[in-house]
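No value in this document is a laboratory result; all are computed from the given coordinates. Because the structure is a prediction, the values reported are computed rather than measured. Glycine also receives a Cβ, built like all others from the backbone with ideal geometry; neighbour counts cover every protein chain displayed.
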């Protein structure tokens, strides 16, 4: 015979007390219920803590800037230049200057490659056949084929 909390006698196979309605559960079922309750509670606590440790969602991930060979990009857009020369910088191992000359656009462009720049990067724009500097904006205007892709890395 089983006895409920109020002291009523019930049959051994009864699932609840017929007088007060108390449910009888086996110890295994009670232990499983406690175990799952603890697991769910612990999961909830861990989820709340991990949410607090994450950076705010408004922060954007860092931008990855791809390495672009600006000289190759210009040649692809404007065609082969009249002059394409590469000269190593004296006393500077692994550093070179590349010169592209487009006489029809009256433009000479200088590109740099070295340990800090692994692809050809524009460093100067000149009047073709002289040492007179022109702005990158002027070079973009003269070289319509470049479609404004020349970037001023010196005076952004």
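In terms of Cα atoms, the Rg and Dmax of region 70-146 work out to 12.2, 37 Å. Translational diffusion coefficient of the chain (Stokes-Einstein, Kirkwood radius from Cα pairs, 37 °C, 0.692 mPa s): 146 µm²/s. Placing a label point 7 Å from the Cα of residue 68 along the Cα-to-Cβ direction, the residues of region 116-156 whose backbone N falls under 13 Å from that point are 120-122, 146-153. Spread over its residues, the convex hull of the C-alpha atoms of region 2-53 is 87 Å³ per residue. Model label sites at residue 116 and residue 8, defined 7 Å from Cα along the beta-carbon direction, differ in position by 8.8 nm. Legend: ranking of residues 110, 147 from fewest to most surrounding C-beta atoms inside 10 Å; resulting order 147, 110. Compute the long axis of helix 27-53 from its Cα atoms, compare it with the longest principal axis of the Cα atoms of the chain, and write down the angle in degrees, 0 to 90, nearest 10. It works out to around 30 degrees.
Stretching the chain fully between residue 40 and residue 147 yields a gain of 32.5 nm (0.36 nm per residue, less the alpha carbon separation). Per-residue Cβ neighbour counts within 10 Å put 87, 138 in the sequence 87, 138, beginning with the fewest.
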